[in-house]
Every structure is written in structure tokens, then in C-alpha cells.
Amino acid sequence: EELKKKFLVENEEPVHVTHMHFLVFLVNIFWQTMVTVILTYLAMLGLTQGWMSMDIAAWTLGIWYVIYLYFLSSAHVAWKCNFIIITTQKVVLVEQKSMFYQKINPVHFTNINNTRVESQFAGIFKCGILFIELKIGQQGGAHVQLKNTYVPKPNDIAAIIEHGIIMNEKPIKQ
């Protein structure tokens, strides 16, 4: 809410806010969880077979669990702190790259050429990739695209953005 208010100017209203899909959390922790399960199994097997001492197993697992907690919290931050704010005048893309680095990219509707959507996971979980093509690239030949993955209901988000583009292109009647 605080961040949303920072990007609103006079006569501008928030239209839609969406966080990333829960799958971003699951995908980010999948391999770390698999390694944790295997490492725990090997440590327990090593203890029962006498391959390693209790001290070595405890230190190894303790250090790995601290690392795993870091990965777990990073995945949670990537899920909860990456979102898209759509207002009556612009789209604000907020991307939390790590625990300590955040990238905020406000794009006014007049700078957006079009949007495009691709499905992820065959569209089963209603999540996909949202592409926003900017007008900047039209003069130089190369197109500039902003890409957001794991967007829930990306078709709806693209439709809201396209609606905002059209509403901002209409001349104001006096």
C-alpha cells in the first residue's frame, strides 16, 4: 500500500494490483528442497552405517539448513514482493531481485506500444509471461520489451493494460 501511494499522482487511481503466482515460490525452492532431503538422508545413512561421526553430520546439516532457510526466505520474497501495479495512467513493475535489491520500473501508458502474453505450464495453473513492448525501440529498430514471469491470469492483466492505453489515447473532451 505504501509503495502504491508513492507512485500515484494527482487525479490518478489504482486500477489493479497483482502479485506473482504461487508457483514462483514452488519453482524457486524445488531443487533446494530436493538437495536438503537427499543430504539429510545421506547424513542419517552415514550415521547409522558408521561412515561419519555425529559431530560431522550435525555441522554439515546445520550449515546446510541455514543455507536452505536463506533460499526459502528468498523464494518467499520473490513471490510476495514482486508485483504489478496498474493505475489510470501507468504500469509500475516492482521486481525484488534479492533480499537487498529492488528494481521498480514505472511505465506510462503513452510509452507502451503493445502487450503480449505467453502461457506457462501449458496454462494449467492460469499463470504466464507478460511482455510489455515499449515505443522506444521503434526508432532504432530494436524493440525494448519488459518481461514478467509467473503472472497470474496474464490475459486479464494484458487486457487491463490495453484498456488503459486506449483510454489514455482518447482526446479529452472539454
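Shown for the chain: the carbon plus sulfur share of the solvent-accessible area, taken with all protein chains present and a 1.4 angstrom probe, equals 63%. Under Stokes-Einstein, with the Kirkwood radius over Cα pairs as Rh, the value for the chain at 37 °C and 0.692 mPa s is 173 µm²/s.
With the helix formula -39500 (n - 2.57) applied to DSSP H stretches of n ≥ 4, the chain reaches a computed 222 nm mean residue ellipticity of -15000 deg cm²/dmol. Pairs from the list 97/170; 103/135; 103/170 with a Cα-Cα gap above 26 Å: 97/170; 103/170.
Which order do 79, 31 take by accessible area at a 1.4 Å probe, largest first? All intermediate terms of the calculation are to be shown ahead of the outcome.
Values: 79 55, 31 170 Å².
The most accessible residue leads, giving 31, 79.
Summarising the amide proton neighbourhood of residue 153: residues at separation of 5 or more, or on other chains, whose placed amide H is nearer than 5 Å comprise 127, 128. Model label points for residue 166 and residue 80, set 7 angstrom from Cα along the Cα-to-Cβ axis, are 3.7 nm apart. When the P(r) is computed for the range 87-169, the part past 20 Å accounts for 38% of the Cα-Cα pairs.
Solvent-accessible area per residue in the chain equals 64 Å², computed with a 1.4 angstrom probe and all protein chains kept. Computed over protein heavy atoms with a 1.4 angstrom probe, the accessible surface ordering of 42, 47, 69, 93, largest first, is 69, 42, 47, 93. Three semi-axes describe the equivalent ellipsoid of the range 1-78; taken as square roots of 5 times the Cα gyration tensor eigenvalues and ordered largest first, they are 45, 12, 5 Å.
When the residues 108, 19, 163 are ordered by accessible surface, computed with a 1.4 Å probe over the protein chains alone, the sequence from largest down reads 163, 19, 108. In the assembled protein chains, residue 41 presents an accessible area of approximately 140 Å² (probe radius 1.4 Å).
Computed with a 1.4 Å probe over protein heavy atoms only, the accessible area of residue 60 comes to about 60 Å².
With an 8 Å Cα cut-off and a minimum separation of 6 or more residues, compute the relative contact order for the range 36-159 in percent.
Values: 161 pairs, mean separation 16.2, N = 124.
In percent, rounded to a whole number, it is 13.
Calculated from the alpha-carbon coordinates, the range 45-112 shows an Rg and a Dmax of 21.5, 68 Å respectively.
The values are calculated or read from the model by the stated rules, or taken from the named source; none is laboratory data. The shown structure was predicted, so the numbers you read here are calculated from the model rather than taken from an experiment. Note that we place each Cβ from the backbone using ideal geometry, even for glycine, and neighbour counts take in every protein chain shown. SASA here: full protein model, heavy atoms, side chains in, ligands and nucleic acids out. Shrake-Rupley method; radii C 1.70, N 1.55, O 1.52, S 1.80 Å.
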